């Protein structure tokens with residue numbers, strides 16, 4: 001099955017059931033929510049039918065040249081079709097970008113987080129586009145050249161490759177570039193939102209992904225944007241920025257933020273594996289994401305190496321290689337966030353990445369005040385730094 005997630009999948013299963021018998025295998029290759037896949041798998045197993053949830057990433061290009069495949073479900077069922085999946089998958093160094101990820105909905109869970117990371121990366125790139133277009137006054141040719149150059153350097157990624165091509169695409173209806181004729185409203189199918197919901201349920205912070213979903217939602221309020229721009233006279237302030245210096249900072253800021261976005265996604269995968277009992281290994285996930293999928297990037301080889309050295313690594317910021325690589329670019333990220341703010345340009349994901357970095361590395365956060373407030377108005381109690389236990393104070397008694 002390769003049909004849209006939700007009721008359509010249940011409808012197809014319903015129609016197929018009279019044609020199936022015990023021992024048959026049904027494969028869902030769509031973007032189903034992992035909880036739905038769990039329920040469908042259990043229901044079908046009671047009838048002796050095997051059910052695999054296979055995350056597929058690669059789009060039209062992946063369909064022609066080989067996608068990244070993320071199968072989960074009964075291992076016996078996977079082994080039965082393993083040669084087929086390996087034959088159609090993308091390959092890196094001769095290895096197919098497919099791996100058995102575990103029982104149940106492990107495959108669709110991994111694909112969900114993949115898509116959440118994808119949301120974050122796309123919004124980060126969009127923010128660099130805005131900075132260059134409105135902040136530095138760059139035209140489409142300059143934008144294309146810049147993304148092409150970056151893709152050949154440290155920010156090597158499929159999304160940068162296609163971005164460079166997008167700015168060269170002519171519009172067949174006008175004499176303009178197509179990008180300039182596309183309405184600035186970004187839609188979504190829900191997988192990014194699911195990632196955020198799961199992260200909140202597990203109390204795993206993914207602020208870059210959260211901000212990416214929020215900015216897509218904000219983009220849909222087009223009429224409200226226009227009304228507010230009239231009220232606030234929303235012309236951008238003028239700044240005399242050094243273009244080449246700003247582009248250097250911007251490239252480093254994008255690299256750092258992309259790694260931070262991967263760090264958030266893999267942190268969720270690490271927690272999800274424990275909470276849901278999935279059997280996947282993060283090294284394997286980073287390996288099969290190195291080609292075929294939308295988020296494949298050169299930095300995934302460094303991520304694979306990090307989890308090879310420490311499979312239980314809680315966060316990529318703790319890795320002795322990637323952590324310093326991010327920190328060496330933190331001044332660039334701060335510079336870009338400050339410059340964008342002074343220009344009135346929204347950089348929600350770049351800013352969220354910086355806040356995550358500063359929050360995660362900090363030895364102290366002001367959460368003690370929040371806990372004091374909670375105890376003041378709701379008697380929720382608090383813990384102390386000098387004594388174990390739970391405490392409550394009658395704050396209004398002075």
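None of the figures in this text is laboratory data; all of them are computed from the coordinates on show. Bear in mind that the values here come from a model prediction, so they are computed numbers and not experimental data. Every residue, glycine as well, gets a Cβ built from its backbone with ideal geometry; the counts of neighbours run over all protein chains shown.
List of remarks:
- Order by protection proxy (mean Cβ within 10 Å, highest first), peptides 195-208, 258-271, 19-32: 258-271, 195-208, 19-32
- Alpha carbon Rg of region 316-398, scaled by the compact-globule rule 2.2 N^0.38 Å: 1.58
- Of all DSSP-defined beta bridges confined to the chain, some 65% are antiparallel rather than parallel.
- Normalised size of the chain, defined as Cα radius of gyration per 2.2 N^0.38 Å with N residues, equals 1.09.
- Using a Förster distance of 56 Å, the FRET efficiency for residue 82-residue 396 (Cβ separation, nearest 0.05): 0.25
- Cβ-Cβ FRET estimate between residue 358 and residue 35, R0 fixed at 35 Å, reported to 0.05: 0.55
- Between the beta carbons of residue 134 and residue 312, assuming R0 = 41 Å, the FRET efficiency works out to 0.40 to the nearest 0.05.
- Difference of contour (0.36 nm per residue) and Cα-Cα distance, residue 8 to residue 387: 130.9 nm
- Calculated on alpha-carbon atoms, Rg and Dmax of region 13-156 in Å: 19.8, 64
- Measuring nothing but how far apart in sequence close Cα pairs (under 8 Å, 6+ apart) lie, relative to its length, region 7-106 scores a relative contact order of 25 percent.
- Between residue 142 and residue 328, the contour length at 0.36 nm per residue exceeds the Cα-Cα span by 64.3 nm.
- Compared with the direct C-alpha span, the chain from residue 173 to residue 242 gains 21.3 nm at full extension, assuming 0.36 nm per residue.
- In this label model, residue 341 and residue 184 are separated by 2.1 nm, measuring between points 7 Å along each Cα→Cβ vector.
- Treating each Cα of region 108-152 as one equal point scatterer and applying the Debye formula with no solvent, the log10 of I(q)/I(0) at q = 0.14, 0.20, 0.22, 0.33 Å⁻¹ comes out as -0.44, -0.69, -0.76, -1.09.
- Candidates 213, 185, 110, ranked by Gaussian network fluctuation over the chain, Cα under 10 Å, top entry: 185
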